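I have placed the structure first, in the form of structure tokens, so that the comments after it can refer back to it.
The values are calculated or read from the model by the stated rules, or taken from the named source; none is laboratory data. Predicted model only: the values in this text are computed from it and were never measured. As a convention, Cβ positions derive from the backbone with ideal geometry for all residues, glycine included, and neighbour counts pool all protein chains shown. When the accessible area is computed, the model is the full protein with side chains, heavy atoms only, and any ligands, DNA or RNA have been set aside. Shrake-Rupley method; radii C 1.70, N 1.55, O 1.52, S 1.80 Å.
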Amino acid sequence: VRFPEDLEDDNTTFNPEYSHQVFGDDEVAFGYKGLKILLYYIAVNEKFDCVEADDVESKIREIIPPGFCTNTDDFVSLLEKEVNFKPFGMLLHTYSVHNEEAGEDITYQIYKADMTCPGFREYHERLQTFLMWFIETASFIDVDDERWNYFLVFEKYNKDGATLFATVGYMTVYNYYVYPDKTRPRVSQMLILPPFQGEGHGAQLLETVHRYYMSSPTVLDITAEDPSENYVKLRDFVLVKLCQDLVCFSPGKLMQGFSQEMVMEAQQKLKINKQHTRRVYEILRLRATDMGDAEQSRSYRLDVKRRLIGPYKKKQRELAKMRRCLRPEELTNQLNQIDLNMQHEQLEESFQQLVSDYRRVLERLAQA
């Protein structure tokens, strides 16, 4: 919420994707007819005496920190203080996005913050509650662990001649120790709030985080904790964008196959690990390949499938062990579970799906 009129504006309202982490697996609050729960968020923090909670409110209280107000009049009075809110931490990046409705470019900024920033702890306590509504396996982190870094996206906007900031989204990154003297930052949580999704903020945030760590000689590479399918697609786009101008990814070298040179240059210059570098190579090689040419298409397909076939070869090795160890009837049972024709079909399906995903990355890259 930015202004009092936003409380009645359906365009500023968005619904949670999940509520099972608050109301149980069935996502049901019993004993109510036509129940409607409204949660309003504001950037500034103010203490109010809380009224006695009913059952539903107590569920909400389990994830929202104390001090929230329980009627809209109190909430509206707080909006006057939004002008005092300023982003936390160090400014890393500023960019603009053209807004068709407003007919103008809107400015956004990305900051890096930590718990030493005055007021950030209280702000983060409320910000992280969004995770419960939009990330299926979300959990709150230990903010007293100094290895956490926080990256936040804000929109700059004007109201009555004053410059204000609205929260767009954020990312948390944990810096793991790697023997003997390195760290491996791991992206833990990333969320762009629904009103801002589809505008490229996730890509701006992830690229900014990569560029921040690229300058550190102690960082080995950057990973992600249990990445979602959408995050993998976003990461593909960002990493391909970063890698495409490296010498080792020139069209001529791409056609020669995946190389240790690619692994080394991507890690040393961009902090990208081997697994992610391989995907970047496959995407850029697809761009350099004429799939209408039978020989080029065949060469590309075999190259990708050689990587995809790894799990199937593992099954074959396990089968060889079974032949030596199992009784005939046990072996027959296991063989029934390993249909080679089915494996080939699954391999082809995986390849076609991968190429489809890669083409979308290249289409987005062409429009960037």
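Couple of notes before you dig in:
- His20-Asp145 FRET efficiency (beta carbon distance; Förster radius 22 Å; 0.05 resolution): 0.25
- Amide H contacts under 5 Å for Val178, placed H, 5+ residues apart: Thr183, Arg184
- Fraction of antiparallel bridges per DSSP, the chain only, in percent to nearest 5: 90
- The order of Glu199, Glu229 by accessible area, most exposed first and with a 1.4 Å probe, is Glu229, Glu199.
- Average Cα contact separation per residue, the stretch 1-80, under 8 Å, 6 or more apart, as relative contact order %: 37
- Residue with peak Gaussian network fluctuation, the chain [Cα springs, cutoff 10 Å], from His276, His93, His344: His344
- Listed residue (Ser216, Gln189, Tyr179) projecting farthest to the positive dipole end of the stretch 177-282, Cβ model: Tyr179
- 0 to 90° range, to nearest 10: angle between helix 229-243 axis and the chain longest Cα axis: 70
- Its convex hull of Cα atoms gives the stretch 1-80 a direction-averaged projected area, equal to a quarter of the hull surface, of 6.1 nm².
- Furthest towards positive pole of dipole, Ile37, Leu234, Thr167, structure part the chain, Cβ charges: Leu234
- Counted by Cβ distance under 13 Å from Gly257, the other residues give a net charge of +2, where Lys and Arg count +1 and Asp and Glu count -1.
- FRET efficiency estimate (nearest 0.05) - Cβ-Cβ, His98 to Thr70, R0 35 angstrom: 0.35
- Fraction of alpha-carbon pairs over 33 Å apart in the chain - percent: 45
- Charge dipole (the chain, unit charges on Cβ, about Cα centre) - positive-most of Leu365, Leu354, Ile106: Leu354
- For the cross-link pairs Lys81/Lys112; Lys112/Lys253; Lys33/Lys156; Lys81/Lys182, the ones whose C-alpha atoms lie over 32 Å apart are Lys112/Lys253; Lys33/Lys156; Lys81/Lys182.
- Given 16 as the ceiling on other Cβ atoms within 10 Å, longest exposed-site-free region of the chain for chymotrypsin sites (Phe, Trp or Tyr not before Pro) in DSSP loops: 141-368
- Accessible area of the stretch 77-172 belonging to carbon and sulfur atoms, whole % at 1.4 Å probe: 45
- Within a Gaussian network of the chain (alpha carbon springs, distance under 10 Å), most fluctuating of Ile60, Ile42, Ile222: Ile60
- Gaussian network model of the chain, springs between alpha carbon atoms under 10 Å - residue of Glu125, Glu82, Glu17 with greatest fluctuation: Glu17
- Charge dipole magnitude, Cβ of K and R +1, D and E -1 - the chain, Cα centre, debye nearest 20: 2780
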